[in-house]
1. Take segment 448-502 and flag every residue that is without any contact (Cβ under 8 Å) to a residue 24 or more places away in the chain and not small (Gly, Ala, Ser).
2. Going residue by residue through segment 52-73, is there one that turns out to be under 30 Å from TYR211 (Cβ atoms), open to solvent by 30 Å² or more (accessible area, probe 1.4 Å), in the same structural domain as ALA209 (by TED's automatic domain parsing) and acidic (Asp, Glu)?
3. Which numbered condition in (1) open to solvent by 10 Å² or more (accessible area, probe 1.4 Å); (2) part of a strand (DSSP E or B); (3) within 30 Å of SER93 (Cβ to Cβ) is the only one that LEU315 fails?
4. Identify, by number, the condition in (1) more than 22 Å from TYR218 (Cβ to Cβ); (2) not in a loop (DSSP other than H, G, I, E, B) that PHE257 doesn't meet.
5. Report the residue count in segment 41-89 for those that are aromatic (Phe, Trp, Tyr) and over 18 Å from ARG279 (Cβ atoms).
6. Using beta carbons and a limit of 7 Å, which pairs, at least six apart or on different chains, have the first residue in segment 762-781 and over 21 Å from THR302 (Cβ atoms) and the second one of a type in the set (D, E, K, R)?
7. Given the condition among the charged types (D, E, K, R), touching a residue at least 40 places away in the same chain (Cβ under 8 Å) and not assigned by TED's automatic domain parsing to the domain that holds GLY375, answer yes or no: does some residue in segment 600-607 qualify?
Amino acid sequence: MTAESGIGASVRRKEDRRFITGNGRYTDDLNRPGQTYAFFVRSPHAHARIKRVDTAKAAKMPGVVAVFTGKDVADSKVGGLICGWLIKSKDGSPHKAPPHPIIALDTVRHVGDQVAVVIGETLSQARDAAEQVQVDYEVLPAVIDPKDAAAKGAAQVHADAPGNLCYDWELGDKAATEAAFAKAHHVAKLDLVNNRLIPNAMEPRAAVAEYDFGTDSYTVWSTSQNPHVLKLLLCAFVLQVPEHKMRVIAPDVGGGFGSKIFNYPEETVCTWASKQIRRPVKWTAERSESFLTDAHGRDHVTHVELALDKDGKFLAMRVDTYANLGAYLSTFATSVPTYLYAPLLAGPYTTPQLYIEVKGVFTHTTPVDAYRGAGRPEATYLLERIVETAAREMKIDPAELRRRNFIPPDAFPYQTPVIQQYDIGNYHASLDKALEMIDYKGFPARRAQSEKKGKRRGIGFSSYIEACGIAPSAAVGALGGGVGLWESGQVRFNPTGSVTIHTGSHSHGQGHETTFAQIVADKLGVPIENIEVVHGDTDKTAFGMGTYGSRSLAVGGSAIVKACDKIVAKAKKIAAHMLEAAVEDIEHERGVFKVSGTDKSVNIAQIAFSAYVPHNYPADVEPGLDETAFYDPLNFSFPAGTHICEVEVDPDTGIVEIAKWVAVDDFGTVINPMVVEGQVHGGIAQGVGQALLETCVYDKQSGQLLTGSYMDYCMPRADNLPSFEVGMTTTPSPLNPLGVKGCGEAGAIAAPPALINAVTDALGIKHLDMPASPEKVWRAAQASRPRMAAE
C-alpha cells in the first residue's frame, strides 16, 4: 500500500469502470424465471371517493394474471405504510397519523394515488388491461397550498386530522425571544416560500419481488437507499412476515437524493402480489409515474423576523412555518420540518434566542419527505436570506455582518439555544478564504463593467452549517425517532490477504467502493485493488441503517475503522506468536507488525494466512481474521462553510448568468478530495436548479400536477452552470475516529440563498421567491428600474 491510495488521496473511483462501460446492474436489468409485470391504475383526481372499481373486463384481457384492488389488500390483512418519527404538538399530543393504504380503499387523496394493480405476462399486456379497469369516482374539493389547507373551511384530507393539521410544533424559548425583540434596535422581516421540488434521480424507482413457496420466504430487489430498514418496515409493519423470511437486495442504484429512502406502496404491492400469484412480479416506474409518486421535497411557507442591536449583533429570531406534508405521511416526513430544520436555524451564529413554530399540514398532493439536505436547505435559505436582508437594511456589509455574529473558533464545543451542541469549526476562516477567492475587493469594478453593457451585477453570500450523521441513537429516540442510527462494518480477510468489507451503508453514487477501501488500505496496509466493498444485500451484510443525511463516512466509515482496530488487536497477538515476542512489544503501522526496537516483522498478509492455516498459532486465539463492529456516534458532525455567488442579470430578458461561484467548505478530514469535490459540484447544481429553474406546480382548483414532465419541469443543464471554484478549510471532528464530516448535501444547502441573494442584490430588491425564472426576474427588473434610476 502506498500513500497514493490511502486517506487523503484522490483515487479514481473503482466502481466507475462498470458504470462507464455499461456493466452496472440495476433493478430493471434483473429478470427472474416466470416473471410477471405490474402496472398500476392511478387516480386522475386529487380528491375523490371511490364508488366502484370494476375489474371484470381487465381480468379477461390477454396475458392478465391477476387484478388486485384495495379491497383485496384489506381482505389479506396487509397493513398500511407507517411514519417512523413521532412528533408531539405544543400541547403534548402525538402527531396525527392517518392510514396510508398501499392501494386506496375508499378515497383517493392525490393525483397518482394507487387504485388497482394489474399483473400481466408482459408489461404491454398489463398496461393495456389497466386501461380497461373501470373506476367510478365522486370528485371532491381539493386543497393544495399548506396555508390554505390550514384555513377554516378548507377541504379535509383525512377525517382524523381536523383542520388538516398533523402537528403544531414549537422549539425554543418564546418568552425570552419576545423579550429580546422588545429591546431590538432593528427588526428585519421577510415572507418567503421554499419551493416544492421533484427529485428526478436518473434511475426511476423499481422493484422485483419473488416468493419461494418451498421456504415461505421472499426476495425483493429494490432501488433502495437503505435495504435493511426497508426489510424491517415490510416485515414488522406491513406484511407481518418474520424477518428471517425476507431478503432485500439493493443492487446498483442510479441516484436517490433521499427519494429512495422510503417504503413506497409499489414495492410493497409487488411483494404481497408475488405470494398471491406465486410468481415473481416486476415494476419499474415510468418517468410520469416518478413525477406523480416519488416523495417530493421542500414546500415551506414561512414568516421570519430577526432582531438586531445597534451594532448589528443578532439578539433573537422568530420563525413561523407552514410545512406541506402532502396527502400521507412518508417514512420520515414528520422529522424533516421539525428536528432536521429548526435546530439548524441557529446557523453558524451566536444568536442568543430562537423561537420556531411549525405547522405540519396535509394537502391533496404527493407526500413530501427528505430531499438532498432534508430540512437543512430550508433552514439555511431562510436564515441566510434574513441575514442578507438585515445587512442591507442596516447598511452593513453582508460579509462584515456575518463576521460580527459568527461563533468564535475558541468557543467550541458551542451549545446553541435550540438543542444542538456544535463540536468544532472556524467559520471566519471559510469566509475569509471565500472572499479572497472571489476577489471581493474587485467586485465594484466588475459591477461597473456590467453596467456599461446594460447588465446588472450582484453578489450573494451563504454561510451555512449542517448536521450530518444523525445520532446518537438515544438522543434521536428521545426526540421521537423510531429507529437506531448507528452503523455496522465488517472487515474480512481472505487467506491470501485480500479483504472484503461488508457495510450497512449503501452506495448510489457516493463512491463508497473507493473511499471505504481507502480507509482499510490506510489502516491495514492492504493494496486498494485487493479490497472489495459489499453493500446492499440484507443476507450478506450485518443490519445497517443505510445512506442518507451525509452519514455514510462519519458513521459507516467509523464502524469500519472500529472493525480495523479489532483486526489489529487480534493480529498483534498472532504476530507476537510468530515473532516470539510479547504482545505489548508489537508495533503496528499500515499493515506491518514489528517487534519494538528490532528489525523483526511480519505483514498483514502473512498474518492472515497464518490465521486461516493455523499450524504455528497461539493457542488462546481463535482462527480466522474477520471482525465486525457497530458504531453509534456521540453527536452529529457539523460541516460548515461559505459560498459566494456572483451573477449578471440582463434586465431586458430576465436571464440570470452565474458569472462566478466560490465554495469554501470545512468537511473535516477528507478521505478522497476528488470524490468530495464531485459531491460539492453535484450539490451546487441541484441548489442552482432549485433557485433558478425547478419548481413543482399544482393547479390550485383541480389539484392536477402541471409540471408532470420535463416539458414543464425545468432541470439544470450544463450551460446553466459555471465552473465552480472549490476550496476547503479543515477542523477535524473530535467526535468520530476519522475526524470526518459529511459532504454530500453541502452544495444543495448553501447554493439557493447565495444565488437569490446575488439576484436580489443585482436588481436592488428586497426579495424574490425561487425559482428566479427569466419571467419573474424580468418583471422585478422592470419594477425596480425607476427606483434604481433615481438612486
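The values are calculated or read from the model by the stated rules, or taken from the named source; none is laboratory data. A quick note: this is a predicted structure, and the numbers were derived from the prediction, not measured. Here Cβ is always computed from backbone atoms with ideal geometry, including for glycine, and neighbour counts include all displayed protein chains. All accessible areas refer to the heavy atoms of the entire protein, side chains included, with ligands and DNA or RNA removed. Shrake-Rupley method; radii C 1.70, N 1.55, O 1.52, S 1.80 Å.
1. Across segment 448-502, the qualifying residues are GLN449, GLU451, LYS452, LYS453, VAL476.
2. Within segment 52-73 (the criterion being under 30 Å from TYR211 (Cβ atoms), open to solvent by 30 Å² or more (accessible area, probe 1.4 Å), in the same structural domain as ALA209 (by TED's automatic domain parsing) and acidic (Asp, Glu)), the answer is yes, since at least one residue qualifies.
3. In the conditions (1) open to solvent by 10 Å² or more (accessible area, probe 1.4 Å); (2) part of a strand (DSSP E or B); (3) within 30 Å of SER93 (Cβ to Cβ), LEU315 misses (3) alone.
4. Failing condition for PHE257: (2).
5. 1
6. If the second residue must be of a type in the set (D, E, K, R), the pairs left are ALA762/ARG456; ALA762/ARG457; LEU763/ARG456; GLY764/ARG787.
7. Checked against the condition, which is being among the charged types (D, E, K, R), touching a residue at least 40 places away in the same chain (Cβ under 8 Å) and not assigned by TED's automatic domain parsing to the domain that holds GLY375, segment 600-607 yields no hits at all.
For every residue, the table says whether it meets (1) modelled with pLDDT under 95; (2) within 30 Å of the chain's Cα centre (by Cα); (3) among the hydroxyl-bearing types (Ser, Thr, Tyr); (4) under 20 Å from LEU344 (Cβ atoms).
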position	(1), (2), (3), (4)
THR731	no, yes, yes, yes
PRO737	no, yes, no, no
GLY747	no, yes, no, yes
ALA751	no, yes, no, yes
GLY764	no, no, no, no
MET788	yes, no, no, no
